[in-house]
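Here the structure is laid out as structure tokens; the discussion comes afterwards.
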Amino acid sequence: MNSLGAVRATFKAGYRRFKWHDADRNRPVWADVWFPSNDAADERVMPYGLGHGKAIPTAAVATDGAPFPLVVMSHGASGSAPNYAWLAEYLARRGVIVLGVSHYGESWLYGAETIEPIAITRLWLRPGDCTFALTQLLMDEYFQACVDSTCIGAIGHSSGGATAIMLGGATLDPAALSAYYQSADAQLDRGRRYARQDETPPPAPVEATWSYRDPRVTAIVALDPAIGPGYGAASLAQVQAPVLVVASEDNDFLPFDDHAAHYAALLPNALLVTLREGEGHFVYLNVCTSDIAVNGVRLCVDREGVDREAVHAKLAPQILAFLVAAMQSEK
């Protein structure tokens, strides 16, 4: 069975965490990996900080069906990879390895003392984390023989969606993003609060505008992607990989037209799936009970009538089907 055929099988979800250090950038890169397993042990409840799931932390990677396709996953601003365990576990049980990267300076996983609010605006550091983690996993003796290096995708939510699109070849225009945040159009955009518009931001370094395309990435899923105004038509035209944009139309955090719809209109090979029943920006996180709010919007509380678990149950098969079709087209 080849790697794309394996996604029709049903496995248990295995789980491991890696703590790497990128010496070239002097930057820690931690990753949570969910993978298909045929381990005899039962999945157990996994506390992920924001919500929980089920996996086997001591499992071995399944051998039948290997090598498996892989997706690298990038979280939203101030988040962490385990916030999306609902999707990672679903994919792992169906024969896809998920490499969830947590970004230093933003993610609570590294400890409260490492959090630096301005790190949220250093978008150019994120794709480098993903590329480094991908290379490390492909060299790891535990996973090396289990990954189909010809079937690699990227998934991201919010800032992570922009990160996934950067891995596809889009380049950031910091001046355009700053101009948008200072415009009247951005007054309802809660993402602008990350940019600290009450202060004079430091000038963006030259590396902010570099290309971070990873040619290994052949399919992209962007869940309610942020930073839309930072990527112009010429930049997004560089992304040739198929992109699934999933977006909340009646958005409580990011204006739909300025972000998700912007990407969907300008990416050459984009498919837009629009949620139109009141789903907000954080419906893409695990089902959770925390009272935490970000820029005035609660992470775990959805609008009346929105069933987050049902949204996940609907989206997960669509995401899997897209990844399989997109990767198959590259074969």
Over the chain, what is the mean sequence separation of C-alpha contacts under 8 Å (at least six apart), divided by residue count, expressed as relative contact order in percent? 16
Using Cα-Cα distances under 8 Å and only pairs 6 or more residues apart, what relative contact order does the stretch 109-205 have, in percent? 28
How high is the relative contact order of the stretch 284-331, in percent, counting Cα pairs under 8 Å that sit 6 or more residues apart? 26
Whose amide H sits under 5 Å from the amide H of Ser248, counting only residues 5 or more places off or on another chain, with H placed in the peptide plane? Asp224, Leu275
Whose amide H sits under 5 Å from the amide H of Gly14, counting only residues 5 or more places off or on another chain, with H placed in the peptide plane? Phe35, Ser37, Ile56
CD proxy at 222 nm, helix term only [per DSSP H run n ≥ 4: -39500 (n - 2.57); per residue of the chain; nearest 500]: -6500 deg cm²/dmol
For the stretch 132-143, take each phi angle, set θ = phi - 60°, evaluate the Karplus expression 6.51 cos²θ - 1.76 cosθ + 1.60, and give the result in whole Hz per residue in order, putting x for glycine and proline. 4, 5, 4, 5, 4, 5, 5, 9, 6, 5, 6, 10
Per residue, in Å², the accessible surface of the stretch 142-238 once ligands and nucleic acids are set aside, probe 1.4 Å: 41
Per residue of the stretch 225-231, what does 6.51 cos²θ - 1.76 cosθ + 1.60 with θ = phi - 60° give for ³J(HN,Hα)? Whole Hz please, x for Gly and Pro, Karplus curve as stated. x, 9, 6, x, x, x, 10
Can you give me the long-range amide H partners of Ala219? Hydrogens built in the peptide plane at 1.01 Å from N, cutoff under 5 Å, separation of 5 or more residues or another chain. Ala154
Report the accessible area of His21, computed with a 1.4 Å probe over the heavy atoms of all protein chains in place, in Å² rounded to the nearest 10. 100
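Taking the chain, how many lysine pairs are there with alpha carbons less than 25 Å apart, if each pair must be eight or more places apart or span two chains?
Lysine pairs meeting the criterion: 4.
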With a 1.4 angstrom probe the carbon and sulfur portion of accessible area for the stretch 58-186, in percent, totals 55
Heads up, I need the accessible area for Tyr104: 1.4 angstrom probe, whole protein in place, Å², nearest 10. 80
Most mobile of Gly230, Gly95, Gly296 in a GNM of the chain (Cα contacts under 10 Å): Gly296
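The values are calculated or read from the model by the stated rules, or taken from the named source; none is laboratory data. Since we're looking at a predicted model, the values are computed, not measured. Areas reflect the complete protein model, heavy atoms only, side chains present, ligands, DNA and RNA absent. Shrake-Rupley method; radii C 1.70, N 1.55, O 1.52, S 1.80 Å.
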